[in-house]
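Here's the structure, in C-alpha cells; my notes come after.
The values are calculated or read from the model by the stated rules, or taken from the named source; none is laboratory data. These figures come from a predicted structure and were not determined experimentally. Here the Cβ positions follow ideal geometry from the backbone for every residue, glycine too, while neighbour counts run over all protein chains shown.
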Amino acid sequence: MLAFYIKIMYSYGWYNLRKRIFQYMFKRKPYVGLSDKIRNQKNSQQILLESSSWLTIGNIVSRLLGALYIIPWGMWMGADRDNANYLYFIAYNIYALVLQISTAGIPVAISKIVADNHARRDYKTSWRLFKGTMLFMTFLGFVFAAGMYFAAPLFAKGATPEEVADSILVIRSLTPAVLIIPPLSLMRG
C-alpha cells in the first residue's frame, strides 16, 4: 500500500496524489475542477456567457434581498423610521466611498499575480507577496478607519444639533468594518 502511494507521488506530484488517493479509496470518478472544465471546453464565448449569467443572477438575488430587508426594518423602527433611514443613508454613502477607495482593485491584482506564480510553481514568492499585501491592506484599513472616525464630524449632516450628533455616532460605528474589510477582501481575492 505504501509503495502504491510513493509510486503515485513520484509519477503525478503532490496535487495529483491527493486526487489519486481519493479515487483509490472511494472508487469514484476523478474530480474535475473548474480549471479542468475550462481547459476541456472549446468555445470561450460559452464560458463568458455562463460566467456573466451567474454574475447577473447573483446581482439580482443580492438586490432582491436588499429590497426585502426594508419591510422588517420599517416595522422594527416604527415611528422613527424616517429618521433611521436618514441616518442610515448618510452613514452608508460615506462608508461605501471609504470602502471602495480602501480596496480599490488591489485584491484582484494580487490574486492574478498569485495565480500566475502558482502556475509557475513559485509558491514561496506567492506566499511572500500575500503576506506583504496583507500587512499593507491591514495598514490601509487602519488608516481609513482612523480617518473616517476622526472626520465623522465633517461628514455629519443634520438640521438640528441632535441629528448631527446622531449621524456622527452612526458614522463612527462603521469604522470597525472599515478596519476589517480590506484584509478580508484580499483573502477573498
| remark: The lone condition Val108 fails out of (1) surrounded by fewer than 17 Cβ atoms within 10 Å (Cβ to Cβ); (2) within 30 Å of Ala84 (Cα to Cα); (3) not basic (Lys, Arg) is (2)
| field | Residues located in segment 147-163, provided they are of a type in the set (A, V, I, L, M, F, W, C) and more than 14 Å from Ile94 (Cβ to Cβ) | value | Ala159
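Tell me the residue from Ile180, Ile171 that is buried (at least 19 other Cβ atoms within 10 Å of the Cβ), modelled with pLDDT of 85 or more, among the hydrophobic types (A, V, I, L, M, F, W, C) and under 24 Å from Gly66 (Cβ atoms), please.
Answer to the check: Ile171.
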| What are the residue pairs meeting all of these: first residue in segment 108-124, first residue among the aromatic types (Phe, Trp, Tyr) and modelled with pLDDT under 85, second residue surrounded by 12 or more Cβ atoms within 10 Å (Cβ to Cβ) and part of a loop (DSSP other than H, G, I, E, B), Cβ atoms under 6 Å, and 6 or more apart or on different chains? | none
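Scan segment 159-181 residue by residue and report those that are of a type in the set (Gly, Ala, Ser) and touching a residue at least 24 places away in the same chain (Cβ under 8 Å).
Across segment 159-181, the qualifying residues are Ser167, Ser173, Ala177.
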